[in-house]
Amino acid sequence: MKKPEPDNIAGNSLWKDATRRFTANRLAMAGLIILSVLVILCILAPLVAPWSVDVQNLSLGASAPGPGHLLGTDILGRDLFSRILYGGQISFAVGLCATLVSVLIGVSWGAVAGWAGGRTDAVMMRIVDMAYAFPFTIFVIILMVFFERSLLLLFAAIGAVEWLTMARIVRGQVMSLKSREFIDAAKGLGLSNTRIIIRHVLPNIAGPVIVYATLTVPAVMLLEAFLSFLGLGVQPPASSWGILIREGAEAMEEYPWLLIFPGTVLSITLFSLNFVGDGLRDAFDPRSSKE
Amino acid sequence: MITFITRRLFFQTVPSLFLIVTVAFFLIRLAPGGPFASEKSISPEVLKQLNTHYGLDKPILVQYTDYLKNVVRGDLGPSFKYPGRNVTELIAEAFPVSLELGVYALLFAILAGIGAGLLAASKPGGARDYLSTILSTSGICIPSFVLGPLLVLLFGLKLGLVNVSGWSSASDRILPSLSLGMVYVAYIARLTRGGLLETMVQDYIRTARAKGIPESTVMIKHALRGALLPVVSFLGPAAAGLITGSFVVETIFSIPGLGRFFVTAAFNRDYTMIMGTVIFYAIVIIFFNTLVDITQALLDPRLRSKLNEKA
């Protein structure tokens, strides 16, 4: 991501400045560390997890947290700690992929609207306004019910509802860049619109896009957990944190830890992601920090 | 005002509704499988009869125009899964329950959110500010489907203070409303705090202070009114969120509201029930957004002229 700097100018690049501000933000750094630990643990689940998730121990059944099973076991005797790690793989994967989908749609939509301006812009943003008011989760539910539930559909469906704010942000940025001199210069050189947008406009709006994408990840993970909780997201035998919370809520009367641990892990992750997102926003644009 | 509402109705409400109905209709019909696909014991003859009875054997465009005609007349069709009942009837039965839950949740969110925002803004950077920030972030990071079961576990199962589920006694309203409203406490507190910090530096606040009005009165009577604008505009998206939230909260607490009906209908592939609910939700949300716009104009004189000009 780092751009080459000319040698004779001794200045701080945007990225260097942002890094300095971000590392000075304790809450954001704490979030980043916790998040990294969680992600690494989940990725390394096959190595780290003390038990395989397929190992059922029906005679053991649900057992309270103890030395053998750190966070206890579920009704089928599966180790909860291992299930949380493997479930995390899917939860994080959905968070990442669905965010990518939403970034793709949002950036393209916003860039086209902002660049075209005029009537095209008015119509495109009117659609965004209208979509804002409608609970698109309803459409995601319809999609998940009527079409074969696959992870791919889940990525696409969630990504398709979370792009609206991104489109607004990108459009605003593109509009303000459009009148700058270097864009005029690029036009003067006879470059095509597509080339100008991709080579000259988009690199300049990377900051806000990264910031907002980071803030989209928790929203997306929340939506995945919400759908899985209703039974419309990730399908067993695959599991995600939403599934674990659903199973936990069903069994909480006798085995409360089955609800408490997955719920806590999800909340800690959401906390960390929000702190990292806020930290990035402050780092890239100190003026627009939280009121 | 009347021009504003009529214009809005024709240029915004009707086209959006039409779009929503069309997208939902074709999305559902194009999906593989029918409403009776899950009933395995059904014979081909009976299936054919059922399809004829509900008009499912006609070409899809004919079905679509028939459906639109009926919707305009207020008839959302018979339910596929509750024989002999029609969708309008079922919605009329279930919606009041959801409405009650939504109103309690929103009231809780507004009262607690504005309260927390006021406390935080009264001394920015102080302990109360810090506490209120932690509270609002937790509200956002502990989703209703975690908070709800946890509240049930603590107050229902361990302490035995309230019923675990149901919707009969007054105390049954408490936990669901808390679970549903908590997220919005967080957002409203943030918005109130931000709005207050912005208005507190305005000239008219200095004038009020110069008149010797006590600080608390300045804040509540003078600053809060201006600070609430962002909160009011947030209520539009919040209403949409409350509807989505009601799907899980009503499921967790076994509340016989429209949210649970929708989830059940979706699982049962009850075409008419899903379509009916989607249309009904769209109307509710559009109505609510118009209400929000009008309230905003009443709060801010600068916006008032807009009501008369353009929609």
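Summary table below
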| read-out | value |
| --- | --- |
| Selection status of B:L242, over 19 Å from B:R29 (Cα atoms), out of contact with any Lys or Arg (no Cβ under 7 Å at 6 or more places or on another chain) and surrounded by 20 or more Cβ atoms within 10 Å (Cβ to Cβ) | yes |
| Qualifying positions in segment B:109-127 - farther than 24 Å from B:G236 by Cβ and either touching a residue at least 40 places away in the same chain (Cβ under 8 Å) or not hydrophobic (A, V, I, L, M, F, W, C) (or both) | B:S122, B:K123, B:P124, B:G125, B:G126 |
| Candidate set from segment A:187-209 (those that are surrounded by 17 or more Cβ atoms within 10 Å (Cβ to Cβ) and among the aliphatic types (A, V, I, L, M)); member that is farthest from A:E162 (Cα to Cα) | A:I196 |
| Candidates B:I205, B:I188, filtered to the one that is among the β-branched types (V, I, T) and within 14 Å of chain A (Cβ to nearest Cβ) | B:I188 |
| Test: residue in segment A:220-231 that is touching a helix residue (DSSP H, G or I) at 6+ places or on another chain (Cβ under 8 Å), at negative phi, surrounded by fewer than 18 Cβ atoms within 10 Å (Cβ to Cβ) and part of a helix (DSSP H, G or I) | no |
| Options B:L107, B:L90; residue that is away from every other protein chain (no Cβ under 12 Å) and either surrounded by 18 or more Cβ atoms within 10 Å (Cβ to Cβ) or not in a helix (DSSP H, G or I) (or both) | B:L90 |
| Scan of segment A:249-271 for residues that are within 19 Å of A:L223 (Cβ to Cβ) and within 9 Å of chain B (Cβ to nearest Cβ), ordered by number | A:A249, A:P262, A:G263, A:L266, A:S267, A:I268, A:T269, A:L270, A:F271 |
| Scan of segment B:40-86 for residues that are within 30 Å of the chain's Cα centre (by Cα), aliphatic (A, V, I, L, M) and outside any helix (DSSP H, G or I), ordered by number | B:L76 |
| Among residues of segment B:198-220, those that are more than 19 Å from B:P124 (Cα to Cα), assigned to a helix (DSSP H, G or I) and of a type in the set (D, E, K, R), counted | 1 |
| Test: residue in segment B:94-102 that is within 11 Å of chain A (Cβ to nearest Cβ), crowded, with 17+ Cβ neighbours inside 10 Å and polar (S, T, N, Q) | no |
| Subset of segment A:210-266 (residues that are closer than 16 Å to A:L153 by Cβ and hydroxyl-bearing (S, T, Y)) | A:S228, A:S240 |
| Residue match in segment B:120-141 (condition: buried (at least 21 other Cβ atoms within 10 Å of the Cβ), facing chain A (nearest Cβ under 10 Å), at pLDDT 85 or above and within 30 Å of B:V164 (Cα to Cα)) | yes |
| Residue ranges of helices (runs of 4 or more DSSP H) in segment A:123-185 with at least 3 members within 14 Å of another protein chain (Cβ to nearest Cβ), touching a residue at least 60 places away in the same chain (Cβ under 8 Å) and of a type outside the set (F, W, Y) | A:137-146 |
| Tally, over segment B:139-165, of residues that are under 22 Å from the mean Cα position of the chain (by Cα) and assigned to a loop (DSSP other than H, G, I, E, B) | 3 |
| Single condition B:S168 does not satisfy, out of (1) without any contact (Cβ under 8 Å) to a residue 40 or more places away in the chain; (2) within 23 Å of the chain's Cα centre (by Cα); (3) within 14 Å of chain A (Cβ to nearest Cβ); (4) outside any helix (DSSP H, G or I) | (3) |
| Filter result (aliphatic (A, V, I, L, M), at the interface with chain A (Cβ under 10 Å from one of its Cβ atoms) and out of contact with any Lys or Arg (no Cβ under 9 Å at 6 or more places or on another chain)) within segment B:245-269 | B:V248, B:I252, B:V263, B:A266 |
| Qualifying position, being without any contact (Cβ under 8 Å) to a residue 60 or more places away in the chain, within 13 Å of chain A (Cβ to nearest Cβ) and closer than 24 Å to B:L299 by Cα, among B:G160, B:G236 | B:G236 |
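Listed here are the residues, each with its yes/no results for (1) part of a helix (DSSP H, G or I); (2) at pLDDT 90 or above; (3) in contact with a Leu (Cβ under 7 Å, 6 or more places away or on another chain).
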residue: A:P236; (1), (2), (3): no, no, no
residue: A:E247; (1), (2), (3): yes, no, yes
residue: A:E253; (1), (2), (3): no, no, yes
residue: A:S267; (1), (2), (3): yes, yes, no
residue: A:N274; (1), (2), (3): yes, no, no
residue: A:G277; (1), (2), (3): yes, no, yes
residue: A:L280; (1), (2), (3): yes, no, no
residue: A:R287; (1), (2), (3): yes, no, no
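The values are calculated or read from the model by the stated rules, or taken from the named source; none is laboratory data. A quick note: this is a predicted structure, and the numbers were derived from the prediction, not measured. Quick reminder, even Gly has a Cβ in these numbers, built from the backbone with ideal geometry, and neighbours come from all protein chains shown.
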